[in-house]
């Protein structure tokens with residue numbers, strides 16, 4: 001028997017990287033945001049210029065409990081015992097697939113392991129229900145770990161080619177980002193796009209984000225802190241490059257950049273725009289994280305350093321400082337992480353809130369090790385030996401502080417994750433002089449001790 005391997009058999013991660021490099025040298029297919037006059041800014045004789053290329057991979061959700069579901073189709077109705085982040089859409093999907101009314105699909109929600117976005121897509125529900133209808137009996141479906149890793153809705157990968165100019169005072173005056181992502185036509189794949197108004201948009205007078213798109217075989221989807229979990233790593237790592245070019249302390253550089261706060265961007269009707277970042281609130285968490293970590297006030301041993309990063313996403317303001325030591329073999333030990341967050345005026349359950357933040361940091365550290373690649377149209381990785389998670393002995397001490405402000409409370413499940421990746425990478429750069437431009441950081445020989 002000879003199988004037809006389909007139209008995507010030639011999709012290959014190395015070829016995609018080569019294609020992205022080719023596209024980066026061509027005119028982008030669209031402009032997502034453009035402020036000021038970039039050409040003039042980069043031609044100024046009083047500026048220094050830095051350019052960097054960043055590459056972040058697809059990653060799987062890696063939930064400890066694989067996808068599973070029990071279904072029983074009988075007499076034109078189906079009962080489903082499962083969990084879902086969006087059960088209503090799961091009900092509609094099952095009904096449409098089986099040719100039923102949604103009223104004939106009954107979902108029994110049960111307590112299960114984490115999903116981190118993976119359990120939003122309900123494919124296991126459809127599979128179990130279809131099999132039950134086909135065989136005429138109740139079905140218990142349990143995916144293998146290999147099934148789960150190789151048939152995920154992956155966090156989107158991508159490439160960013162950045163260029164910035166710094167004047168003689170160390171101030172960044174121009175910023176250009178060419179984002180090469182995946183999708184179809186000019187449309188990005190699901191949860192694999194770029195938000196052109198995110199920081200440092202508005203804070204830099206001559207600023208542009210442009211994009212190009214490549215075709216993709218994989219399904220993509222939301223993974224904890226969708227899009228932000230990789231964009232923060234790129235933006236905050238490059239900010240460190242820019243700070244060092246200008247001879248500035250990374251904390252001072254960020255605070256100065258935030259001082260030129262633009263006016264709030266109102267939504268329709270003049271109401272505050274919940275998607276607009278408040279520079280004042282971000283300065284507050286940066287100052288708190290710096291204070292708690294003793295930034296600039298402690299003498300650290302050789303090959304030990306602090307790294308700092310911040311990000312605004314999903315309504316939350318977070319700044320994080322990581323203290324990291326790296327030995328001569330590039331074994332990394334993250335000793336401690338200080339997290340400062342502003343999610344509004346009220347923390348109702350302090351214990352679970354602290355746990356959410358700690359879990360986000362652990363997830364983010366794991367992402368420094370992870371990647372999903374393709375060869376001959378297939379996913380290469382299959383289990384934790386190729387797509388690891390942080391182990392308990394590798395976990396740092398995590399100190400969490402909340403800055404309560406006179407603002408409406410917002411969610412906490414997502415926004416504490418993004419800053420930890422650049423905070424660790426910035427610490428590695430300070431300790432070793434090596435900038436990590438490609439994830440996972442094993443590409444540069446680094447590993448967690």
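The values are calculated or read from the model by the stated rules, or taken from the named source; none is laboratory data. What you see is a predicted model; the values in this text were computed from it and never measured. As a convention, Cβ positions derive from the backbone with ideal geometry for all residues, glycine included, and neighbour counts pool all protein chains shown.
I'd like to verify a number: residues in region 150-167 that are touching a strand residue (DSSP E or B) at 6+ places or on another chain (Cβ under 7 Å) and farther than 15 Å from residue 201 by Cα, how many? Full working, then the answer.
Keep residues of region 150-167 that are touching a strand residue (DSSP E or B) at 6+ places or on another chain (Cβ under 7 Å), which gives 150, 153-167.
If we keep only those that are farther than 15 Å from residue 201 by Cα as well, we get 150, 153-161, 166-167.
Matching residues across region 150-167 total 12.
Within region 81-124, the set of residues being under 30 Å from residue 229 (Cβ atoms) and part of a strand (DSSP E or B) comprises 82, 107, 109. Checked against (1) touching a residue at least 24 places away in the same chain (Cβ under 8 Å); (2) surrounded by 13 or more Cβ atoms within 10 Å (Cβ to Cβ); (3) part of a helix (DSSP H, G or I), residue 40 passes all but condition (2). Filtering 238, 188, 194, 253 for residues that are at pLDDT below 95 and assigned by TED's automatic domain parsing to the domain that holds residue 20 leaves a single hit, 194. As a summary of the residue check, residue 388 satisfies the conditions (1) within 17 Å of the chain's Cα centre (by Cα); (2) surrounded by fewer than 24 Cβ atoms within 10 Å (Cβ to Cβ); (3) in contact (Cβ under 8 Å) with a residue 60 or more places away in the chain except for the one numbered (3). All conditions but one from (1) assigned to a helix (DSSP H, G or I); (2) touching a residue at least 24 places away in the same chain (Cβ under 8 Å) apply to residue 346; the one that does not is (1).
Taking the criterion of being within 21 Å of residue 339 (Cβ to Cβ), touching a residue at least 24 places away in the same chain (Cβ under 8 Å), assigned to a loop (DSSP other than H, G, I, E, B) and out of contact with any strand residue (DSSP E or B) (no Cβ under 9 Å at 6 or more places or on another chain), would at least one residue in region 362-373 satisfy it? No, every residue in region 362-373 fails to be within 21 Å of residue 339 (Cβ to Cβ), touching a residue at least 24 places away in the same chain (Cβ under 8 Å), assigned to a loop (DSSP other than H, G, I, E, B) and out of contact with any strand residue (DSSP E or B) (no Cβ under 9 Å at 6 or more places or on another chain). Does region 168-182 include one or more residues that are touching a strand residue (DSSP E or B) at 6+ places or on another chain (Cβ under 8 Å) and assigned to a loop (DSSP other than H, G, I, E, B)? So far as region 168-182 goes, no, none of its residues is touching a strand residue (DSSP E or B) at 6+ places or on another chain (Cβ under 8 Å) and assigned to a loop (DSSP other than H, G, I, E, B). For residue 77, the requirement of being surrounded by fewer than 18 Cβ atoms within 10 Å (Cβ to Cβ), at pLDDT 95 or above and either more than 30 Å from residue 391 (Cβ to Cβ) or under 29 Å from the mean Cα position of the chain (by Cα) (or both) is met.
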